[in-house]
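Asks: One structure is given below, represented as structure tokens, and several questions about it will come after.
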């Protein structure tokens, strides 16, 4: 319950950030426009998040094979609706879940994950993703990604407004507006990223715990996480949209310089330690 309250508060903060950026760009009218845009984007995320993300990563639906069989076994064992299962054509091992609710969910894994993990470890990973589905984290993740992306986009608009003198008024007012724009385009995306990190980290621990219970052995997931972390450090995923990085079970941006300092995922040592304590 506390985690849900925290998540709702952070999502509200993202909406307020979006309104603040809109206000910096266009005053009260800009703030109202940003609020309307947030509502439209949230509705779009609710209905189309699975299609958008799967298309982004060129996923192909599978109805047989080890990945499909593992997901089906977990769903039968835990009395869950079977989600659609997709394979992502990337060699770097990783996985994610998306969709608006457990009845319209999608779980996806890269081709590389089936080569790296054994069946028990793959079961731990997919149990983690199904835990996200059960707790409706997939919808939360999609909305957070949409809002964070909108804030970054509007901050970019602020840069163009500053470069081309998008604000009129006298010199004093114009100088004040430029200062607001500078602060907005620097602080808003950073704040959005920090909120996105906070939401993602809090949900990952819950999904680890739920996934360990669903697959029946915390060691399955702990072992898989160690392998996935190492593989993604050695060969980070290519063509990853930063706004969706938090959806993956391990950070797909690992190893990309300073981005590792702003990881959307909890420290791997802490995740593994908690799982081992459960065992």
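Asks: Going by average Cβ density within 10 Å per residue, which order do the peptides 125-134, 53-62 take, highest to lowest?
Replies: Details: 125-134: 26.8, 53-62: 16.2.
Final packing ranking: 125-134, 53-62.
Asks: Okay, moving on. Compute the distance in nm between two label points, each set 7 Å from the Cα along the Cα-to-Cβ direction, one at residue 55 and one at residue 12.
Replies: Those two pseudo-labels are separated by 3.4 nm.
Each value in this text was obtained by applying a stated rule to the coordinates, not by laboratory testing. Please read these numbers as outputs of a predicted model, since none were measured by experiment. Virtual Cβ from ideal backbone geometry, glycine too; neighbours counted across all protein chains shown.
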